[in-house]
Every structure is written in C-alpha cells, then in structure tokens.
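The values are calculated or read from the model by the stated rules, or taken from the named source; none is laboratory data. All of these numbers come straight from a predicted model, not from anything done at the bench. Glycine gets a Cβ as well: all are built from the backbone with ideal geometry, and neighbour counts include every protein chain shown. Just the protein is used for accessible areas: all its heavy atoms, side chains included, with ligands, DNA and RNA removed. Shrake-Rupley method; radii C 1.70, N 1.55, O 1.52, S 1.80 Å.
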Amino acid sequence: MLTKEMDGLIRERVHSYYWNDDINCAETTLKVLSEIFDLPLNPQVIHAASGMHGAGKYGVQCGLVEGTLMFIGILGNQAGMGVSEIERLCHDYALSFEEVFGSLSCRVLRPEGFKPTNPPHLCEDLTCRSISFSVQFLAHLKGMI
C-alpha cells in the first residue's frame, strides 16, 4: 500500500503531465517512475514512447504497460541484470497487471474506448492507479533490483 504522500505525488504529477504538458500515458508513466525511483531518463527514451499510447491510438497494448515495461528494462539494466532476468520481470509485471486490471489492451482498458467525442486524458484515473500498481510492483522487487 502506498503512503498518502506517494499517492498524492502520483496524482499531482499525472495531472500536470496530462493537462499542462499534454503528453501521453506511456511518457507520463516513464516520467513519474523516473522521478519516484530517482533514475534520470535520456530524452531519446521519452521520444521513443511518444507513439506508445495504444500503438498511436490504434488501441492495442496499453501505454501504461509499455511505459512500465520500458522502465523495468532501464532499471534492471542499471542494476546489472541480464536480459533473461529483465524479460522475466517484464513477464511477471504483465501477468500481474492483467490480473489486477483485466487486460493489457488499451481499447479494453480505456473507459469509453476510442470515439471522436471522447474528452482529453480520459485515462487519468486509470493512469494514477496503474502507476501506483507499478510503484508497488517495483518496490516489492527492490531487493532484487
């Protein structure tokens, strides 16, 4: 369980990244995890995530998952993990995410799907819950990473 302070930080940062910077869920996830785990990101990593919100709104793998998977790779590499260890963590994360949220698919997770009339940043609450889940997953593994 996250502290109220951590939960508040996540909500504040997600809101700011969405409404002030107008960035997508994968970029937001990467930036918030980077801040929480004090791991600076190369700007190219953020650029690489710019189209990862459901594969450019195509509605496939959720950008919340993609951003966390990218972060697991960066964090694992920094901790000296090998590719097979990082793959296992990514697999475990995806399995856990699917168990908690019901899917890895953006078009399933997105509250109203994809309609031209959707308001912006429809997934703000889901993003906060997802990042909280990711922080707990990564903190739980802190001894390993």
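Between Gln61 and Cys106, the built amide H atoms are under 5 Å apart, and every one of these is 5 or more places off in sequence or on another chain. The charge dipole of the chain, taken about its Cα centre with unit charges on the Cβ of Lys, Arg, Asp and Glu (plus for the first two, minus for the last two), comes to roughly 200 debye.
Taking label positions 7 Å along the Cα-Cβ direction at both Val108 and Asp7, the computed distance is 2.7 nm, reported to one decimal. Here the scattering of the chain is modelled by Debye summation over its C-alpha atoms, one equal scatterer each and no solvent; at q = 0.13 Å⁻¹ the log10 of I(q)/I(0) is -0.53. Charge tally for Val45 (other residues, Cβ to Cβ under 15 Å; Lys, Arg +1; Asp, Glu -1): -2.
Each label point was placed 7 Å from the Cα along the Cα-to-Cβ direction; for Glu85 and Gln44 their separation is 2.4 nm. The phi torsions of the range 88-94, fed into the Karplus equation with coefficients 6.51, -1.76 and 1.60 and a -60° offset, translate into couplings of 4, 5, 5, 4, 4, 5, 4 Hz, rounded to whole numbers, with Gly and Pro shown as x. Of Ser130, Ser50, Ser96, the order by accessible heavy-atom surface (1.4 Å probe, DNA, RNA and ligands excluded), from most exposed downward, is Ser50, Ser96, Ser130. Summary of packing: across the peptides 14-20, 29-35, 39-45, the per-residue average of other C-beta atoms within 10 Å ranks them, highest first, as 29-35, 14-20, 39-45.
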